[in-house]
Amino acid sequence: MSSILILNAQVVNEGKTAEMDIFINNGRIERIGGDLAYLKAAHVIDATGKHLLPGVIDDQVHFREPGLTHKATIGTESRAAVAGGTTTFMEMPNTVPNALTQELLAEKYAIAARTSPANYSFFMGASNDNIEEVLRTNPRDVCGVKIFMGSSTGNMLVDNPQTLETIFSQCPMLIATHCEDEATIRAQSAIYREKYGDDVPMHCHPEIRNVEACYKSSSMAIELAKKHNTRLHILHISTAEETELFDNSLPLAQKRITAEACVHHLWFDASQYDTLGAQIKCNPAIKDARHKPVILQAVLDDRIDIIATDHAPHTWEEKMQNYWKAPSGLPLVQHSLQMMLDFVAQGKLSLERMVEKMSHAPAVCFQIEERGFIREGYWADLVLVDLNRPYTVSKENILYKCGWSPLEGHTFGSTVTHTIVSGHLAFANGVINDSKTGKRILFARSI
């Protein structure tokens, strides 16, 4: 594997920023120092004026393969991820067929091993009737078990109370939950269908999938986790009310209950349904503007631990259907880092804090082995960004297979110039080099 020498970078890592050189060899960070220019390397990158960050670890994406490859593939979306500075992803099980057996899960790993330029892991799916398969999951090389406690694709809605008790009491590894109360959503859907028929305005989405649905389901998940001492991770917190369910009394590594915020719930709000429509329709819904600063504050004070995307692409034609038919989800993984770098530029959070929430914290939360930090001996997963080079999102530079983004026309203040994945220069100045694939990540878990 080629060696890489990065010179004169502003290295952002573990709460500090300092000018450093980095020498990468055999896939790992071999040396970090003040003057490594004397070392010989196959590739030399002059990073003067740029910032070097640990690669983003996105703990929630939907890459649609197998079964939904008209929307996306592991190959296309991981290319988009790498172009945006995301070096590792954890993908969800609601593909077709749903990843509800160990054999189906293994098939997804095999696809990634052939086609993903990014590092990868995949969640095992839970249903009302596959507890035996769930308990066969290997905590060493699978990121977690995913439970949809709300409407979902196929056979993945887990709403049987006894099943939930069994999973929470018996599963020894991290359980990640999508929390929306199904009964509340069905009742609200009936009200709005009666009022509007098929012509429900898109801005009603956060009223149908409302605050109560989120809070009720998250509360139940937390009660179950406390009852059984389950390792629970609640995904995509979308309401101010839910932030009160979490605390910051323990360091992340000691927490049994953790939470994630997604970039779209920090960036968009309900006022934009009138202009963006189904482009920002997602579950849980993007809600009114009052929630955004409260969620961000919970991120900053460590009640919410991770920033991720819930990247979930659909075709433009699918999205242009009426409210009931337009699927939920939006593509985000190519631009999540730039979105948060805009927040940094606006003074909403520091660069060091952003790195903590997008790189360090996912590694700690999931106990990922030798990734998420810029440390000698660790795998070289790195992203180089120019904070002073604007970048405008356009059809021409969107890499998602679906070919669109709700951010089209937006000019970010920063540009991702290089991405290194497990020591391989996978992206440089707009060009992806997918001659090498990423690696299956491992987890340093005691169970």
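The values are calculated or read from the model by the stated rules, or taken from the named source; none is laboratory data. Note that the structure is a prediction, hence the values are computed from the model and not measured. Virtual Cβ from ideal backbone geometry, glycine too; neighbours counted across all protein chains shown. Surface areas here come from the heavy atoms of the whole protein model, side chains and all, with no ligands, DNA or RNA. Shrake-Rupley method; radii C 1.70, N 1.55, O 1.52, S 1.80 Å.
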>> Could you tell me how many of the residues in region 192-232 are surrounded by fewer than 13 Cβ atoms within 10 Å (Cβ to Cβ) and farther than 20 Å from D274 by Cα?
In response: 4
> A361 passes all but one of (1) surrounded by fewer than 16 Cβ atoms within 10 Å (Cβ to Cβ); (2) not in a loop (DSSP other than H, G, I, E, B); which number fails?
Replying inline: (1)
> Is it true that I307 is under 11 Å from L266 (Cβ atoms), within 13 Å of the chain's Cα centre (by Cα), touching a residue at least 40 places away in the same chain (Cβ under 8 Å) and not in a loop (DSSP other than H, G, I, E, B)?
Replying inline: yes
> Right, Q162: closer than 29 Å to E212 by Cβ and open to solvent by 20 Å² or more (accessible area, probe 1.4 Å) or not?
Replying inline: yes
>> I'd like to know if region 250-258 contains one or more residues that are touching a helix residue (DSSP H, G or I) at 6+ places or on another chain (Cβ under 9 Å), touching a residue at least 24 places away in the same chain (Cβ under 8 Å) and of a type in the set (S, T, N, Q).
In response: yes
> Identify, please: which residue in region 244-278 is of a type in the set (S, T, N, Q) and closer than 27 Å to Q367 by Cβ and is, among those, most open to solvent (accessible area, probe 1.4 Å)?
Replying inline: Q254
> Here are some residues: R64, R28. Which one is surrounded by 16 or more Cβ atoms within 10 Å (Cβ to Cβ) and on the phi > 0 side of the Ramachandran plot?
Replying inline: R64
>> With open to solvent by 40 Å² or more (accessible area, probe 1.4 Å) and closer than 27 Å to V142 by Cβ as the only criterion, which of K395, K401 stands out?
In response: K401
> Does Q102 count as closer than 21 Å to K357 by Cβ and either of a type outside the set (D, E, K, R) or buried (at least 17 other Cβ atoms within 10 Å of the Cβ) (or both)?
Replying inline: no
> Can you pull out the residues in region 95-140 that are assigned to a loop (DSSP other than H, G, I, E, B) and under 18 Å from T76 (Cβ atoms)?
Replying inline: T95, V96, S116, P117, A118
> So which residues in region 155-207 are assigned to a helix (DSSP H, G or I) and at positive phi?
Replying inline: none
>> I'm trying to understand the selection: among the residues of region 35-61, which are over 23 Å from P117 (Cα atoms) and open to solvent by 70 Å² or more (accessible area, probe 1.4 Å)?
In response: D35, Y38, K40, D46, T48
